[in-house]
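First comes the structure, then the notes that go with it.
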Amino acid sequence: MTTATTSVSGPAANAAGENLRFYGVWLAGMVVLIVLPLVFSSGGSLTSFSLIGIAIVFALSYNILLGQTGLLSFGHAVHYGLGGFTACHVMNAIVSHGWPIPLPFIPLFGGLGGLGFAILVGWLMTKRAGTVFAMISLGIGELVASSSLILRSVFGGEAGITTDRTALPRMFGWTFGPQIQVYYLIAFWLVVSAIAMYALTRTPLGRISNAVRDNPERVQFIGYDPHVVRYLAYCFAGFFAGIAGGLAAISFEIANSAYLGAIQSGLVLFATFIGGTAYFFGPILGAILVTYLQLGLTSVTSVWQLYFGIIFIGIVMFSPGGIAGLVMMHRPLLRAGTLWTVIPSYLVAIVPTVALGCGVILVIETIARHSGGEANAINLFGIAFNPKSPATWIAAAVLVAGGSVIARLTWRRVGEAWDRAATVARDRGYLA
Amino acid sequence: MTAAIEVRAVEKRFGNVGIIRDLNLSIAQGERHAIIGPNGAGKSTTFNLISGHIKPTSGEVRLNGDVISGLQPFEINRRGLSRSFQVTNVFARMTVWENVRCAVLWATGHRYAFWKNVDSLPEVRERTARILEDIHLTHRRDVPAGLLTYAEQRELEIGITIAGGATVVMLDEPTAGMSHAETERAVSLIRRLTEGRTLVIVEHDMSVVFGLADRISVLVYGHIIASGTPEEIRRDPKVREAYLGEEAH
């Protein structure tokens, strides 16, 4: 997957190589999706992969707004949730009317649910970008989330709407009872949606969306109405969010108010931003990491949200381009062959940084246990720390204080090594 | 022949402050017209009024005979008027190639298409390549516009402005902040690219104005005090007093 903003057909030979690499990346992704459940076949990991797949579709749809068009939405889960509710209602209707629509088509209805609401509210919402749009999206999000508890016949109140995916007509003899079949259904829709969303970035509308993101004023003087551009982008984002919601409805066999609330909207913003909005693959990385952390951290610590917050702040402060930005920073150095000059300084810097991280974890866990009245040991990389022992407090203090001082020094060295390597790379004609 | 641009009795007030008062201006087809005047005279406001960036309080603006005052900027642009900005106004995170290509898309009829691959539109590619050639930025095509030098950004700005094939091109201080050599380059670029089009230019550099313009209008306190050929403007006592007098000694 190349970047979202560069795509120029160079000389023919170069283009052929680039094409090969481009399709190679997509093919490799599909192979991984097919092979993954064969390698990790436990029920737990299949569920995790399914959740990650859904999160990727959702985060990619969010990046149509944030990364492609420059719209910061605090209410994107509305379309995800309405997609989920639509999917549940359609599934129930299919079962009760005996319509011959098999399960694999259901996410499409989810998408139409998300799209329908986007068409309805989008025109008003996208009149302005920036803070106005962000505030309206927040308001619409709250409006729909609270409506979901009031309009019981549509949203089922607190309990939500349940459904039974196995009751639908079968396709290829698949019942979609076992998780593995659900996984492959999600993987299929993930591939289809990702290809469609990538293709969207390469259309006239996709490029003009980038232009609107960079400079809405100028867009008006090349013949385009930025309002229409934002509206269309919003509709596409709503559609693909609805597909993700439909997949979630299939996976959980339920849709409830939690689907379309502020927490869900926050999570997708979080995943997209951490992954990096400037590259198409950024949200994919972010969705994988955030879902994995969400599943992994909850079993390790009771204050997992706190770690989420710290990670988010860390990314915003030290790597505003997200993980994808961090990865792509290294591309010119790799091409120019100067990457190896910075690696030693990285290795040196990692040691105090890890020490600092351990210190922070110790501090957080000690405080959490004290205020929670628990006394179980803190297990850090196999070492048990007693939260009531002063030795643990001293260790935490030393790690935090020493780690941050030394980390500062070593990261400064990384910066210097980086500047030298980048200068050489630039001289050799490799731009950032 | 109808005038390319006709401004009739336009006023613009912000609250009680009249920025533009009784502005009348007629620019013939194919003419190179410069608007000059001291700082704060309302040159940029005049530009914004004509291009639809701001709406006149009263009066009307016509483009090729049709009233355009009150229309949105993109509607005016679609009728064949294009403008650049005093402050560089490009798409900073997109490459030079993409900047120009975006400016070509509407004019080639692709509008908001989301079913076409933008890389495989031959007429878009050819036109973009030709414009890059014209503004001498072909070798910089893959560079994000935000990383260009200042002079290059100004040239790209001109490229974006003419890319849509507008018949009326308005340039707001295209050589501001340029060195002498860069200015000369930019002027020959402008002269070449606006061949056969109507050009309206706001400029502080008098050598640029008198070298480029067929006609000049002098704007002082939101009112045009004189309009004529460079020779007439040079001789006009009102102009000498109000404007050139301060600058030309």
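The values are calculated or read from the model by the stated rules, or taken from the named source; none is laboratory data. This is a predicted model, so every value here is computed, not measured. FYI the Cβ positions are ideal-geometry reconstructions off the backbone, even for glycines, and counts take in every protein chain you see. We work out accessible area using only protein heavy atoms, side chains counted, and drop any ligands, DNA or RNA first. Shrake-Rupley method; radii C 1.70, N 1.55, O 1.52, S 1.80 Å.
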Subject >> Cβ-based net charge around residue B:77, under 11 Å, with every Lys or Arg adding one and every Asp or Glu removing one >> reply: +2
**OP:** Can you spot the lysines whose alpha carbon is less than 27 Å from residue B:116's alpha carbon? Ignore those fewer than 8 places along the same chain.
**Re:** A:127
**OP:** List the residues whose amide H sits under 5 Å from the amide H of residue B:170, counting only those 5 or more places along or on another chain, with H placed 1.01 Å from N in the peptide plane.
**Re:** B:82, B:83, B:84, B:200
**OP:** Kindly express, to the nearest 10 degrees and within the range 0 to 90, the angle between helix B:122-134's C-alpha long axis and the longest C-alpha principal axis of chain B.
**Re:** 50 degrees
Original post:
How well do other chains shield peptide B:109-120, expressed as the mean number of their Cβ atoms within 10 Å of each residue Cβ?
Top reply: 6
**OP:** For the protein assembly as shown, just say rounded, prolate or oblate: build the C-alpha gyration tensor, square-root its eigenvalues into a ≥ b ≥ c, call rounded for a/c under 1.5, and beyond that prolate if a/b exceeds b/c, oblate if not.
**Re:** prolate
Original post:
Going through region A:138-191, which trypsin sites (Lys or Arg not before Pro) have at most 12 other Cβ atoms within 10 Å and a DSSP loop state?
Top reply: A:170
Original post:
Among the GluC sites (Glu not before Pro) within region B:75-151, which fall in a DSSP loop and have no more than 12 other Cβ atoms within 10 Å of their own Cβ?
Top reply: none
Original post:
Tell me which aspartates and glutamates have Cα within less than 16 Å of residue B:12's Cα, excluding those fewer than 8 residues away on the same chain?
Top reply: B:22, B:60
**OP:** Mind giving me the nanometre distance, one decimal, between the label points for residue A:310 and residue A:26, set 7 Å out from Cα along Cα→Cβ?
**Re:** 4.1 nm
Subject >> Solvent-accessible area, 1.4 Å probe, carbon plus sulfur percent, for region B:111-249 >> reply: 52 percent
Subject >> For region B:5-247, share of DSSP beta bridges that run antiparallel, in % to the nearest 5 >> reply: 55 percent
Subject >> Segment residue A:263-residue A:38, length gained on full extension (0.36 nm per residue, minus Cα span) >> reply: 77.7 nm
**OP:** Considering only A:24, A:286, A:276, give the residue with the highest GNM mean-square fluctuation for chain A, with springs between Cα atoms whenever their separation is below 10 Å.
**Re:** A:24
Original post:
Among the lysines, which fall within straight-line cross-link reach of residue B:238, defined as a Cα-Cα distance under 23 Å, with same-chain neighbours fewer than 8 residues apart omitted?
Top reply: B:43
Subject >> Within-11-Å neighbourhood charge of residue A:213 [Cβ basis; K, R +1; D, E -1] >> reply: +2
Subject >> Cα-centre dipole for region A:29-324 with unit charges at Cβ (Lys and Arg positive, Asp and Glu negative), debye to 20 >> reply: 380 debye
Subject >> Distance between region B:156-215 and region A:312-374 - C-alpha centres, whole angstrom >> reply: 50 Å
**OP:** Which order do the peptides B:190-198, B:165-173 take when ranked by the mean count of other beta-carbon atoms within 10 Å per residue, highest first?
**Re:** B:165-173, B:190-198
Original post:
Got a number for carbon plus sulfur as a percent of chain A's accessible area, 1.4 Å probe?
Top reply: 72 percent
Subject >> Segment residue A:375-residue A:335, extension gain: residue separation times 0.36 nm, minus the distance between their alpha carbons >> reply: 9.2 nm
Original post:
Excluding ligands and nucleic acids, what accessible area in Å² is computed for residue A:21 using a 1.4 Å probe, to the nearest 10?
Top reply: 150 Å²
Subject >> Under Karplus coefficients 6.51, -1.76 and 1.60, residue-wise ³J(HN,Hα) of region B:54-69 in Hz, glycine/proline x >> reply: 10, 9, x, 5, 8, x, 9, 10, 10, 10, 6, x, 8, 5, 10, 5
Original post:
Each label point is 7 Å from the Cα along the Cα-to-Cβ direction; what then is the distance between the points at residue A:300 and residue B:210, in nm?
Top reply: 7.6 nm
Subject >> Local electrostatic count, residue B:126, Cβ distance below 15 Å [Lys/Arg +1, Asp/Glu -1] >> reply: +1
Original post:
Of B:61, B:239, B:200, which is the most mobile in a GNM of chain B whose springs link Cα atoms less than 10 angstrom apart?
Top reply: B:239
Original post:
Tell me: how much accessible area in total is hidden between B and A, 1.4 Å probe, Å², nearest 100?
Top reply: 3300 Å²
**OP:** Find the accessible area per residue for region A:264-326; the probe is 1.4 Å, ligands and nucleic acids are left out, and the unit is Å².
**Re:** 44 Å²
Original post:
How high is the FRET efficiency from residue B:11 to residue B:142, r the C-beta distance, R0 45 Å, rounded to 0.05?
Top reply: 0.45
